[in-house]
1. Looking at the structure I just gave you, is B:G182 surrounded by fewer than 19 Cβ atoms within 10 Å (Cβ to Cβ) and more than 7 Å from chain A (Cβ to nearest Cβ)?
2. Considering each of B:R141, B:R134 in turn, give the residue that is within 10 Å of chain A (Cβ to nearest Cβ), surrounded by fewer than 19 Cβ atoms within 10 Å (Cβ to Cβ), assigned to a helix (DSSP H, G or I) and at pLDDT 95 or above.
3. Return only the number of the condition from (1) free of Cβ contacts under 8 Å to residues at least 40 places away in the same chain; (2) facing chain A (nearest Cβ under 8 Å) that B:A113 does not satisfy.
4. With region B:46-125 as the region, which helices (runs of 4 or more DSSP H) entirely inside it contain at least 1 residues that are over 25 Å from A:F118 (Cα atoms)?
5. Go through region B:32-45 residue by residue and tally those that are surrounded by 13 or more Cβ atoms within 10 Å (Cβ to Cβ) and either assigned to a loop (DSSP other than H, G, I, E, B) or touching a His at 6+ places or on another chain (Cβ under 7 Å) (or both).
6. B:G151 fails exactly one of the following numbered conditions: (1) surrounded by fewer than 19 Cβ atoms within 10 Å (Cβ to Cβ); (2) more than 9 Å from chain A (Cβ to nearest Cβ); (3) in contact with a Leu (Cβ under 9 Å, 6 or more places away or on another chain). What is the number of that condition?
7. Within region B:188-203, is even one residue touching a residue at least 24 places away in the same chain (Cβ under 8 Å), more than 10 Å from every other protein chain (Cβ to nearest Cβ), part of a loop (DSSP other than H, G, I, E, B) and surrounded by 14 or more Cβ atoms within 10 Å (Cβ to Cβ)?
8. Of the residues B:V86, B:V173, only one is more than 9 Å from chain A (Cβ to nearest Cβ) and modelled with pLDDT of 95 or more; which?
Number of protein chains: 2
Amino acid sequence: MTHDGRRLRGLRSRETILRQAVELSSVEGLDGLSLGRLATATGVSKSGLFAHWPDKEHLQLDAVEWAVRQWTEQVVGPAMRAPAGVRRLFALHEARLTFYRDGVLPGGCFFFAVQAEFDDRPGAVRDRLSRSMREWQGLIRGMVAEAVTLGELVDDADPAQLAFEIEALGEMVIVHSRLYDGAQALVHSRRAVLARLRALCPDPELLPED
Amino acid sequence: MTHDGRRLRGLRSRETILRQAVELSSVEGLDGLSLGRLATATGVSKSGLFAHWPDKEHLQLDAVEWAVRQWTEQVVGPAMRAPAGVRRLFALHEARLTFYRDGVLPGGCFFFAVQAEFDDRPGAVRDRLSRSMREWQGLIRGMVAEAVTLGELVDDADPAQLAFEIEALGEMVIVHSRLYDGAQALVHSRRAVLARLRALCPDPELLPED
């Protein structure tokens, strides 16, 4: 095998392991993600994993990175195909709900599982999660501001306020659907964000009625 | 010491241990709550803990029970002193935010920490958490229905929809304030619920303006 071939094979196996790490963490959290636990789950030897990650924290950080990329591709990507403005903002929420409804991750959402776990634990993982939330909230705020500029949301729509609300109404779907009322949580989440955006939109016909 | 005296002392020490268990779990989750971990945290010997709880699951279940009682006393209690209707509904949200802002629990919210942990784990703890969420949502739905009956919310206010929204906008404060924007999350949460209720209230003067 050529050097490039070996390198490609290494990257592929690294990708596969990280995917499984993120899937596992969406259920069990990142803290249970020891190299031993991951070796059992993936069938890769512990020494094989050591070749990629010297310790648990490096693995956890790479898992966060992988989860951010997955979210960007599967949630942000589809939204960016909608026209800029209020339609893109709502498309982002719908893409998130689709991600949840399709059960892309067995635990529903990697970030929900690990934010609750690390919000009180100072360190590199918490810092990385904090940055990903800042970037995610920044993305939503930017879409709100763009919709205001385009005249598709009223001038006094507050980007930070709306970004908080959309995030809350989206993320709560995970625990509600699992512990309480199943698919109904998706319906409530969609309806809440839609009503909020329609109320702030001078031309509500840009959005579905329900 | 009399038999009653011993019994009372046992109850008090049980209370103290459960309080520490709930405080600890609000930070670390319930899964880390082994009898050994709790013995270290409380200074009570493991055999002393065994006298109260035969195993970890019994301890976890009693911790949930204690947390429900704390929430009932410190969040529901103050709300019940407000007049029935939309004012009580908003008082409930404000009491929750006060609970968070005062840092009653070091991790902010016991339920947030443990719901994320147990939503994917079938068993007695998950069932107990599911029941507590059902009861909590039932309480909010009941307050919404009461406000509708009193003419303080419009007839088509949907209790289950509003209960979902209020819960989402409340619970998200924990992770937002810890990972992202601190006290600003409390402001956003209060503002969102207030605006939502005022919009559905035929007599918005029942509620503060902001």
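1. It is true that B:G182 is surrounded by fewer than 19 Cβ atoms within 10 Å (Cβ to Cβ) and more than 7 Å from chain A (Cβ to nearest Cβ).
2. Only one candidate passes the filter, namely B:R134.
3. (1)
4. Correct list: B:46-50, B:56-71, B:77-80, B:86-101.
5. Counting residues in region B:32-45 that are surrounded by 13 or more Cβ atoms within 10 Å (Cβ to Cβ) and either assigned to a loop (DSSP other than H, G, I, E, B) or touching a His at 6+ places or on another chain (Cβ under 7 Å) (or both) gives 4.
6. (3)
7. Yes - at least one qualifying residue is present in region B:188-203.
8. The match here is B:V86.
The values are calculated or read from the model by the stated rules, or taken from the named source; none is laboratory data. Since the structure is predicted, the reported quantities are computational estimates derived from the model, not experimental observations. Don't worry about glycine lacking a Cβ; one is built from the backbone with ideal geometry, like all the others, and counts go over all protein chains shown.
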